[in-house]
Amino acid sequence: MMKEIAPWTLKGAVIAGVVLISGLDWFSGHDLSFFAFYFIPIAFAAWHLGFRFAVITALLIGIAWFCEDLFAGHHYFTSLYEVWNTTTYSAAYIVFGWAFSKQRQMLDRERQVAEELRRALSEITILETFLPICAECKKIHDNDGEWKDLEVYFSQHSNTQFTHGYCPECGKLALEEADTTAMPGAEDAGDAVSFSR
């Protein structure tokens, strides 16, 4: 796994990139445009440092662009054009930074969900074979050759826990059996419990 780079190092790299590109832009004059190259530090800032620093970088580029235009001696018909160009470029960089940072957030979220899914799948034990089971007592013959109660087997091979109760048919049968097996003579002693309805 890659070593985490300190945020101040990343910020320094972004600022150095902006200075380098604006220096090249100023040096080349107006014959060669470096507009597209400014997207590199924006993308780097948005990806590694988030949207907030991408906005700061976009504004820094806007100021650098304005200063470069000013010091290069580029003259506009009106200063409104210079402000318009700087604002438009800055807005484009901000939108690009927002889109790039959103992509990073979505990727991080996707990785987190994938990790949670991997963790959940590792906890699930899937029974994919035929289970030999006794037709009478319902014990299961496991891989070790032992016959285990159904509840014990599933408790050992999954996170299943059992509670016991009666289905309607077995409940009725149990009540009937309890009624017929009541102790003779118990009615006289007042100790009998009737299960009939």
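The values are calculated or read from the model by the stated rules, or taken from the named source; none is laboratory data. Just so we're clear, the structure is a prediction, and the values are computed from it rather than from any experiment. All Cβ positions, glycine included, derive from the backbone under ideal geometry; neighbour counts span all protein chains shown.
A few notes on this one:
- Selected residue (criterion: surrounded by the fewest Cβ atoms within 10 Å (Cβ to Cβ)) from residues of the range 28-87 that are within 20 Å of Gln103 (Cα to Cα) and touching a Leu at 6+ places or on another chain (Cβ under 7 Å): His48
- If you check Ser122, Ser90 for being surrounded by fewer than 10 Cβ atoms within 10 Å (Cβ to Cβ), of a type outside the set (A, V, I, L, M) and assigned to a helix (DSSP H, G or I), only one passes: Ser122.
- Qualifying positions in the range 96-127 - in contact with a helix residue (DSSP H, G or I) (Cβ under 9 Å, 6 or more places away or on another chain), among the hydrophobic types (A, V, I, L, M, F, W, C) and within 28 Å of Leu49 (Cα to Cα): Phe96, Trp98, Ala99, Phe100
- Selected residue [more than 27 Å from Gly23 (Cα to Cα) and in a helix (DSSP H, G or I)] from Glu68, Glu110: Glu110
- Among residues of the range 173-195, those that are at pLDDT 85 or above and either loosely packed, with under 12 Cβ neighbours inside 10 Å or assigned to a loop (DSSP other than H, G, I, E, B) (or both), counted: 0
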